Amino acid sequence: MTRLTVHLTVNGEPAEVSVEPRTHLADLVRGELMLTGTHLGCEHGVCGACTVELDGAPARACLTHAGTCDGAAVRTIEGFADDEVMAALREAFSQEHALQCGYCTPGMLVTARDIVLRLPDADAERVREELSGNLCRCTGYRGIVRAVMRVLEARRTAQPDDDPMPDAVAPRDDRYALSLAMTGWATGPLPPASTLAIDPTDRIAGEPRLMAWMATTLVLFATVAATIFAALHP
Ligand code: FES
Ligand code: FES
């Protein structure tokens, strides 16, 4: 079968990848480079879950043939780890409860960062319009719009010699942790938020820390359920 050799830069690193002509960019970054933070939903350009930055602009990775990316610069969600705007957005998403399952979040964040940089004066209505190409089945969008507005407003109120992202994005509160506890149908006193809070990046990229947290939680709930069952059926 004919294969194409593609040379590109991914998250600042040069890469040479051999792909089939039909391979799209999302399969290239996920399957060949193991950058699984880029998600696939519809695979026909509707949901936006696969959005990456391609030569500086957001692009649908599922609609972009890998073979056309020879010489291109690609940035996936993993490539924004040290980006200050993305850091502010991640924090704002957590603050505003702008994600639940997190499946749409990598694409949402890439689009949101583009909005923040390209449209510094955008209002909520414009943000909503700009995000209309990214679908979320969980949140109802209000938290996402609020999160983007939070970052935009923080940047607008920043003084010229301030830190580029001042404290206008407040530290994480307990709401995200609370929702996790409620999801786990906890009925007793809440554990400290610090034991529940998960950096959304972990949820997005499937970090081992999240898997460990989920395993611990499952064991905990199984233990409680077994104890209750044993008490009711002596
Ligand atoms: S997976 Fe690319 S737009 Fe849905
Ligand atoms: S958080 Fe689940 S699809 Fe958006």
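This table checks each residue for (1) within 16 Å of ligand 2 (Cβ to nearest atom); (2) outside the structural domain of LEU131 (by TED's automatic domain parsing); (3) in contact with a Lys or Arg (Cβ under 7 Å, 6 or more places away or on another chain).
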site: LEU25; (1), (2), (3): no, yes, no
site: VAL29; (1), (2), (3): no, yes, no
site: THR36; (1), (2), (3): no, yes, yes
site: HIS44; (1), (2), (3): no, yes, no
site: CYS50; (1), (2), (3): yes, yes, yes
Hits in the range 85-111 (condition: in contact with a helix residue (DSSP H, G or I) (Cβ under 6 Å, 6 or more places away or on another chain) and more than 16 Å from ligand 1 (Cβ to nearest atom)): VAL85, MET86, ALA88, LEU89, ARG90, ALA92, PHE93, SER94, GLU96, HIS97, ALA98, LEU99
Enumerate the pairs (first residue in the range 37-54 and without any contact (Cβ under 8 Å) to a residue 24 or more places away in the chain; second residue anywhere and among the basic types (Lys, Arg) and near ligand 1 (Cβ under 6 Å from one of its atoms)) with beta-carbon separation below 6 Å, excluding pairs fewer than 6 apart on the same chain, so at least 6 apart or on different chains. GLY45/ARG60
Which is within 16 Å of ligand 2 (Cβ to nearest atom), in contact with a strand residue (DSSP E or B) (Cβ under 8 Å, 6 or more places away or on another chain) and under 17 Å from CYS50 (Cβ atoms), of GLY107, GLY102? GLY107
With respect to VAL17, determine if the residue is β-branched (Val, Ile, Thr), outside the structural domain of THR105 (by TED's automatic domain parsing) and part of a loop (DSSP other than H, G, I, E, B). no
Please go through the range 15-43 and give me each residue that is among the hydroxyl-bearing types (Ser, Thr, Tyr) and within 13 Å of ligand 1 (Cβ to nearest atom), ordered by number. THR38
Only one residue in ALA59, ALA26, ALA72 is out of contact with any Cys (no Cβ under 6 Å at 6 or more places or on another chain) and under 19 Å from GLY133 (Cα atoms), so which one is that? ALA59
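The values are calculated or read from the model by the stated rules, or taken from the named source; none is laboratory data. Quick caveat, the model's predicted, so the values are computed rather than measured. Backbone-built Cβ (ideal geometry, glycine too); neighbour counts: all protein chains shown.
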